[in-house]
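**Student:** Here it is: the structure, laid out below.
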Amino acid sequence: MKNRLKVLRAEHDWSQQDLADRLGVSRQSVNAIETGRYDPSLPLAFRIAELFELAIEDIFQLESAP
Amino acid sequence: MIDATTESRLSGQRRSPFFYAGMMLAAIGAIVALAATNAIGSTAATILMIAPLWLAIPMVKAANRRADAVNAACASKGEVNRRYIKRIALFTSLYLATLALATFASREYSPPLELRTFLSTLPGLAIAGMFWAIGRLIVEQTDEFIRMLTIRQSLWATGFALSAASVWGFLEQADIVIHVDAYWWAVVWFFGLGVGAVINRIQYGTWGAI
């Protein structure tokens with residue numbers, strides 16, 4: 001999976017800790033998701049999408065997707 | 001202007017839990033060394049063993065401060081870690097106390113079989129309590145990524161300890177290595193948690209919660 005989390009976070013001028021606070025997860029979690037080391041569960045992906053007011057597929061895409 | 005007392009208190013607050021854990025281990029090591037060299041009797045050693053247990057209190061406080069600082073934003077996670085630290089400190093203290101009691105009783109008296117069985121079971125149950133604390137940490141953890149890291153650590157520890165026990169067992173059966181008491185495999189399991197943490201660090205960029 002690839003994602004636009006880092007870009008979206010930068011657009012909001014949030015640090016990883018700021019985003020972690022808003023999602024109720026650790027900063028390590030945000031870092032692992034951003035760097036593509038960890039794919040979040042569906043509930044967490046929904047929380048992220050809700051926070052940025054986007055659809056999940058606007059944030060997360062399969063590596064093979066165009 | 002900060003007076004000496006305040007400065008000393010602030011300096012104390014900055015001390016890591018590892019400092020107190022190190023102090024506790026050093027004190028226990030010193031008592032064991034004194035007992036082993038017959039500088040003190042086993043009764044005195046048993047009584048002295050209680051003293052280092054008090055270091056568990058500042059150790060837990062320092063660990064809680066660290067958990068609060070790391071998870072200031074994630075209150076539930078901080079609470080989960082605080083409970084875990086308290087449980088581990090409790091069972092570690094129980095382990096040391098019951099081990100000292102069992103050793104003291106068997107050396108100083110000749111307790112009947114039933115009492116000996118009871119006293120010998122207690123340190124093992126305290127270690128079982130540590131496994132329970134790790135299980136509760138996994139169950140109560142609200143951060144799914146950190147939970148995954150903890151589970152990975154536990155699986156690495158289990159694989160490491162059971163593999164080591166299997167290889168050692170057959171080597172022992174073939175009279176190639178010395179006999180190792182079974183409780184050492186629990187120690188190897190805890191060492192395996194460290195191995196798992198290193199592997200987490202390499203693969204996921206963070207050590208994990210344990």
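The values are calculated or read from the model by the stated rules, or taken from the named source; none is laboratory data. Small disclaimer: the values here were computed from a predicted structure and weren't measured. Here the Cβ is made from the backbone with ideal geometry for all residues, glycine too, and neighbour counts use every protein chain on show. Side chains included, ligands, DNA and RNA excluded: accessible areas come from the protein's heavy atoms. Shrake-Rupley method; radii C 1.70, N 1.55, O 1.52, S 1.80 Å.
**Student:** Can you give the FRET efficiency to the nearest 0.05 for A:A49 and B:V139, using r as the Cβ-Cβ distance and R₀ = 30 Å?
**Tutor:** Result of the calculation: an efficiency of 0.65.
**Student:** Can you tell me how segment B:123-206 classifies by the Cα gyration tensor, rounded, prolate or oblate, using a/c under 1.5 as the rounded cut?
**Tutor:** oblate
**Student:** Can you give the mean number of other chain Cβ atoms that lie within 10 Å of the Cβ atoms in peptide A:14-23?
**Tutor:** That works out to 2 on average.
**Student:** HN-Hα J couplings of segment B:25-32 from phi, Karplus 6.51/-1.76/1.60, θ = phi - 60°, integer Hz, Gly and Pro as x?
**Tutor:** 5, 5, 5, 5, x, 5, 5, 4
**Student:** Taking a probe of 1.4 Å and counting only protein heavy atoms, give the total accessible area buried between chains A and B in Å², rounded to the nearest 100.
**Tutor:** Protein heavy atoms only, the A-B interface buries about 1100 Å².
**Student:** Could you give the length gained by full extension between B:S106 and B:T158, i.e. 0.36 nm per residue of separation minus their alpha carbon distance, to one decimal place?
**Tutor:** 15.5 nm
**Student:** Rank-order A:12-24, B:87-99 by packing density, defined as the average count of other C-beta atoms within 10 Å over each peptide's residues, highest first.
**Tutor:** B:87-99, A:12-24
**Student:** Further, regarding this structure: Quick one: Karplus J couplings for segment B:149-160, per residue in order, coefficients 6.51, -1.76, 1.60, θ = phi - 60°, nearest Hz, x for Gly and Pro?
**Tutor:** Once θ is set to phi - 60°, the couplings for segment B:149-160 become 5, 5, 5, 4, 4, 5, 5, 4, 4, 5, x, 5 Hz.
**Student:** Further, regarding this structure: Per residue, what accessible area does segment A:2-55 have, given a 1.4 Å probe and all protein chains present, in Å²?
**Tutor:** Per residue, segment A:2-55 has an accessible area of 53 Å².
**Student:** List the residues of segment B:177-210 for which accessible area in the full set of protein chains is at least 50 Å² lower than for the chain on its own; 1.4 Å probe, protein heavy atoms only.
**Tutor:** Listed in order, they are B:Y204.
**Student:** Using only the alpha-carbon atoms of segment A:2-55 as identical scatterers, what base-10 log of I(q)/I(0) does the Debye formula give at q = 0.13, 0.31 Å⁻¹?
**Tutor:** Reported log10 I(q)/I(0), two decimals: -0.25, -1.70.
**Student:** Just the Cα atoms of the protein assembly as shown: what Rg and Dmax do they give in Å?
**Tutor:** Spelled out, the Cα radius of gyration and Dmax of the protein assembly as shown are 23.8, 78 Å.
**Student:** In whole Hz, with x marking every Gly and Pro, tabulate ³J(HN,Hα) for segment B:127-144 from phi via Karplus 6.51 cos²θ - 1.76 cosθ + 1.60, θ = phi - 60°.
**Tutor:** In residue order, the calculated couplings are 5, 4, x, 5, 5, 4, 4, 5, x, 5, 4, 5, 5, 7, 4, 9, 8, 5 Hz.
**Student:** Averaged across the residues of A:30-37, what count of C-beta atoms belonging to other chains lies within 10 Å of each residue's C-beta?
**Tutor:** For this peptide, the per-residue mean of nearby foreign Cβ atoms is 3.
**Student:** Can you tell me the accessible area per residue over segment B:143-210, all protein chains present, probe 1.4 angstrom, in square angstrom?
**Tutor:** With the other protein chains kept in place, segment B:143-210 gives 58 Å² per residue.
**Student:** Considering only protein heavy atoms and a 1.4 Å probe, what is the carbon-and-sulfur percentage of the accessible area of the protein assembly as shown?
**Tutor:** 65 percent
**Student:** Suppose every Lys and Arg Cβ carries +1 and every Asp and Glu Cβ carries -1, with no other charges. What dipole size does chain A come out with about its Cα centre, to the nearest 20 debye?
**Tutor:** So the magnitude is around 240 debye.
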